[in-house]
Amino acid sequence: MKKGVTLLRIVVNAICLVIVYGASESPQYTVVHSESDFEIRLYRTSVWMAASALDISFEKATWDGFHRLFQFTEGANLNFSRIPMTVPVLTTTVPGAGPLQSQGYYVSLYLPIKFQGNPPLPLPELNIRPYEFTTHCVAVRKFSGFAKDGRIVKEAEKLATSLSRSPWAPSTTRRGYSIAQYNTPIRIVSRKNEVWVDVDAPELGCESVGVAAY
């Protein structure tokens, strides 16, 4: 019986992520600065849904949070609304005691334009909630392959090194980072991932943003 339940869970998760792979809508942004190893994007204000996951690994947090968000999009909300999937799936660290350390994560999904003005309320047992991603700038480093626990730290370190040599180094101190994933696990080649770090860059038209609390 246990093997059957495990197999069913694997199949469900695979179906969920195939749906994400076919998603088309994503948050709108403008590239306001570009270098060889990172770019800075100005994102517009938008509404996302977030699922918190404390004291577990990045990979486990992403699976757990996405599963709850997927239930919400499939109708586990007070409106019984089916909500089209979007990209990316964004897993964000809650800053911990030291550089690049985390005391937890939250997993977020951008809501389609149709639901931006009036987001359906999730069922309480999912423990997810909407939040406003206010307009601000994000430094982005792209990387391929699979986003694993060890890999994401290395990629975040590379972005931190790049930013430490830039005019925006002071604005990134003591902030968490996010990993944006755009592909399903069944895709082996040409995978798209990104590291995101919030930056203050008023000279680029970006508004100041503080450390987010979710």
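The values are calculated or read from the model by the stated rules, or taken from the named source; none is laboratory data. Quick caveat: nothing in here was measured; it's all calculated off a predicted structure. Neighbour counts run over all protein chains shown; Cβ positions are idealised from the backbone, glycine included.
What to note about this one:
- Selection of first residues in the range 128-156 that are on the phi > 0 side of the Ramachandran plot and of second residues that are assigned to a helix (DSSP H, G or I), restricted to Cβ pairs under 7 Å at least 6 apart or on distinct chains, gives the following pairs, ordered by first then second residue: 145/151.
- Residue check, residue 60 without any contact (Cβ under 8 Å) to a residue 40 or more places away in the chain, charged (D, E, K, R) and over 19 Å from residue 178 (Cα atoms): no
- Scoring residue 106 on the criteria (1) in a strand (DSSP E or B); (2) out of contact with any Ser or Thr (no Cβ under 7 Å at 6 or more places or on another chain); (3) modelled with pLDDT under 95 leaves a single failure, condition (2).
- Of all residues in the range 163-181, one or more are within 12 Å of residue 195 (Cα to Cα), of a type in the set (Phe, Trp, Tyr), modelled with pLDDT under 95 and not in a strand (DSSP E or B).
- Test: residue 138 is surrounded by 15 or more Cβ atoms within 10 Å (Cβ to Cβ) and not in a helix (DSSP H, G or I): yes
- Scan the range 31-75 for residues that are part of a strand (DSSP E or B) and more than 24 Å from residue 157 (Cα to Cα) and the total you get is 6.
- Of all the residues in the range 84-96, those that are in a loop (DSSP other than H, G, I, E, B) and buried (at least 21 other Cβ atoms within 10 Å of the Cβ) number 2.
- Residues of the range 109-127 classified as crowded, with 16+ Cβ neighbours inside 10 Å and on the phi > 0 side of the Ramachandran plot, total: 0
- Every residue from the range 27-57 that is crowded, with 19+ Cβ neighbours inside 10 Å and without any contact (Cβ under 8 Å) to a residue 60 or more places away in the chain: 53
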